[in-house]
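Beneath this line is the structure, given in structure tokens, with notes to follow.
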Amino acid sequence: MKKCLFIFAMLLMAGFAFAEELTVTVEQAVELAMQNNIQVKQAGRTLASAERANKNSWNSVSPSLSANVQMQIPLMEKQREMDVNYSVSISGSASLRLHPSLYSSIKGAKLQLEQGQITYEDALRSVELNVRKIFYSLILSEQTIETQKRSVEAAKRQYETNLAKYNRGQLSELDLFSSQVNYESKMPAVESQENQLVNSMESFKQLLGVNRDVKLNLKGSLEGFEKFDEEKVQINLSNSSAIKKIEKQIEAAENQLLATRFSAWGPSLSASYQVGVGNAMGNTSGAMATGRKNIELSSHAISLGVSIPLDGYLPWTTGPMNIANQKDSLETLKESLEAQKRTTQLSIENSLRTIRQAQSQMKSLEGTVALAQKTYDLTQNAYNQGSRDLNSLRNAEDSLISAKTQLQSQNYTLVNAILELENTLGVPFGTLSK
């Protein structure tokens, strides 16, 4: 039993040793999501269904075909004494119906396909936006943890220095204990942030469709986005996904209104052709005998028709009522389009204000970080020389960590605002940050 446990432990250790490791940039992460994400796959199947419907939208023009084979054999004796003993017949028909709504039906299928394409592209952009935001949020978490770790290492070095001073009799026990508490109190916060990062990384791997056993490393930074140039922004509301959707809805509503008018007022044409051939065997004896042995049967018929829906010309009937209701719905959609254009314009302006504010605050925070770093360095030197106390050193360190964290957070705010602006404008991600 112990031998089996030993072998199992060795295999488990080997599995960890040879665990796959994957390093990805933000572009590679997007590519993985496009290949493996469940939402992307579902959107692809929905689009394929719309493509099939559009491809076969002409099927209402296809003629209706039917065939019939019939054989009749009399079973009663009196029947067999009749002129015909049995008969065989084959018949077929072809009918075609043309109606004015055929045009709107084909156009409706095309519009559904175009709506499906917009929905598919919107799903891809939604996933890509989510991937990019989470990628950079994980980068921010890693940078924040790294800053906290450097603070822990500095506190550890300070404690070791104080321990050496205490052993030489140059430091009080209270100051040694304070530096030890300062060092040890920082560790739980770092461990908590590391656990949160692991959980977030697992969710990110699920978004990308990456196996949980893979160790995922992120290659990238939040730097470079501060070079955003507002002059690159070209506002074209027709590229907005939200506006495209409403415009297609308007086209679909106009097409549906046309179909309803055709149904209420338009005549429909029908044509059919029927043909039948057969053979019957007659009786040569009996009261009804005719002396014929074979009777050839055949028939041909053509029918043409026109149907005019007179009810559609009565204002109180269903057709005119539906037309009036669809006109109201169409006007509502047009109003929604104008409202969406205003909303999109406001969203763009808000994103631009957020970007300007983030850029301005980053410049200010960079100066704050530089000042805090210099203050901490001077305070540490003074503390080592005995002219400043431990509390002053801790305050200087806390100020430095806070300034660095605020700068990193503001950098992510800038990245997030640029991504939102690119999404609203409908331009490829990365266009405004290059």
Taking region 232-249 only, how many residues are more than 13 Å from GLN340 (Cα to Cα), open to solvent by 70 Å² or more (accessible area, probe 1.4 Å) and charged (D, E, K, R)?
1
Contacts under 7 angstrom Cβ, first residue in region 31-54 being within 19 Å of LYS110 (Cβ to Cβ) and in a helix (DSSP H, G or I), partner charged (D, E, K, R) and open to solvent by 90 Å² or more (accessible area, probe 1.4 Å), 6 or more apart:
ASN54/LYS110
Which of the residues that make up region 210-230 are within 17 Å of ASN423 (Cα to Cα), open to solvent by 50 Å² or more (accessible area, probe 1.4 Å) and in a helix (DSSP H, G or I)?
GLU230
Among residues belonging to region 381-405 that are at pLDDT 85 or above and farther than 20 Å from GLY367 by Cα, point out the one that is most open to solvent (accessible area, probe 1.4 Å).
ASN381
Matching entry among LYS374, LYS327 (being in contact (Cβ under 8 Å) with a residue 12 or more places away in the chain and surrounded by fewer than 18 Cβ atoms within 10 Å (Cβ to Cβ)):
LYS327
Boolean, VAL198 is surrounded by fewer than 17 Cβ atoms within 10 Å (Cβ to Cβ), of a type in the set (Val, Ile, Thr), within 22 Å of GLN408 (Cβ to Cβ) and under 32 Å from the mean Cα position of the chain (by Cα)
yes
Would you check which residues across region 344-363 are surrounded by 13 or more Cβ atoms within 10 Å (Cβ to Cβ) and free of Cβ contacts under 8 Å to residues at least 12 places away in the same chain and list them?
ASN350, GLN357
When LEU304 is run through (1) at pLDDT below 90; (2) farther than 30 Å from SER172 by Cα; (3) surrounded by 12 or more Cβ atoms within 10 Å (Cβ to Cβ), the failure sits at (3)
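The values are calculated or read from the model by the stated rules, or taken from the named source; none is laboratory data. Owing to the predicted nature of the structure, the values given are computational and were not obtained by experimental measurement. Cβ: placed from backbone, ideal geometry, glycine included. Neighbour counts: every protein chain shown. Ligands, DNA and RNA are excluded from the accessible area calculation, which covers all protein heavy atoms including side chains. Shrake-Rupley method; radii C 1.70, N 1.55, O 1.52, S 1.80 Å.
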